[in-house]
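Visitor: Below: one structure in structure tokens.
What follows is calculated from the coordinates using simple rules that are stated; it is not laboratory data. From a predicted model like this one, the values you see are computed outputs, not experimental measurements.
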Amino acid sequence: MKASTLFIAIVIFSGNLLIAQDHVEESFPTHMIGLDIGHAHLFEQDESGHKGLLSLPSFGLNYTLQINERWGFGVHTDLIFEEYRIVTEVRGDEHESIERVYPIAPAILGIYKLSHHWALLAGFGREFSKGENFWLNRAGIEYSMPLHARWEFFGTLQYDVKWEAYDNWVLGFGLAKYL
């Protein structure tokens with residue numbers, strides 16, 4: 001079963017979660033764990049130098065500690081379950097490339113809530129894969145919608161800059177639970 005099919009099935013069969021939540025007074029600090037599914041998009045070029053966009057399925061596993069109404073921090077980890085190669089430079093008949101095998105990219109993020117629904121994310125981390133590992137900076141924006149029983153649905157758009165390697169952006173959707 002595809003991961004996207006499994007995610008959709010979880011949402012459909014969790015119908016009791018889809019009832020809008022009345023405003024609940026929160027106490028801080030608040031812990032939250034989330035799981036998202038999306039696509040990582042990489043700007044790449046092939047061996048002949050033609051540029052294109054590579055789209056790979058990705059998952060995110062997020063932990064957030066919300067300190068007050070505006071500020072929080074967390075560890076957000078992206079996982080790409082694919083093997084791929086990024087051509088970084090083409091010189092004549094020769095090319096340099098980076099091979100990635102199921103990379104995992106945890107990042108420590110500061111989180112600033114612009115409103116009840118919108119949040120900005122920024123931080124740093126490291127991408128681990130067979131072969132080379134790369135430091136990264138991550139910036140993003142999230143939109144969340146409260147659901148029933150301290151659950152929320154969220155969408156995320158983030159951009160990773162891997163130092164001396166390549167960049168990628170991720171668009172994902174997921175569910176989170178306040179603990």
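Visitor: Can you give the direction-averaged projected area of the convex hull of the alpha-carbon atoms in the range 127-179, in nm²?
Guide: Projected area, direction-averaged: 4.7 nm².
Visitor: Here is a follow-up. I want to verify the translational diffusion coefficient of the range 68-140 in µm²/s; compute it with Stokes-Einstein, Rh as the Kirkwood radius over Cα pairs, at 4 °C and 1.567 mPa s.
Guide: D = 91 µm²/s.
Visitor: Dividing the alpha-carbon radius of gyration of the range 26-178 by 2.2 N^0.38 Å (N being the number of residues), what value is obtained?
Guide: That works out to 1.14 for the range 26-178.
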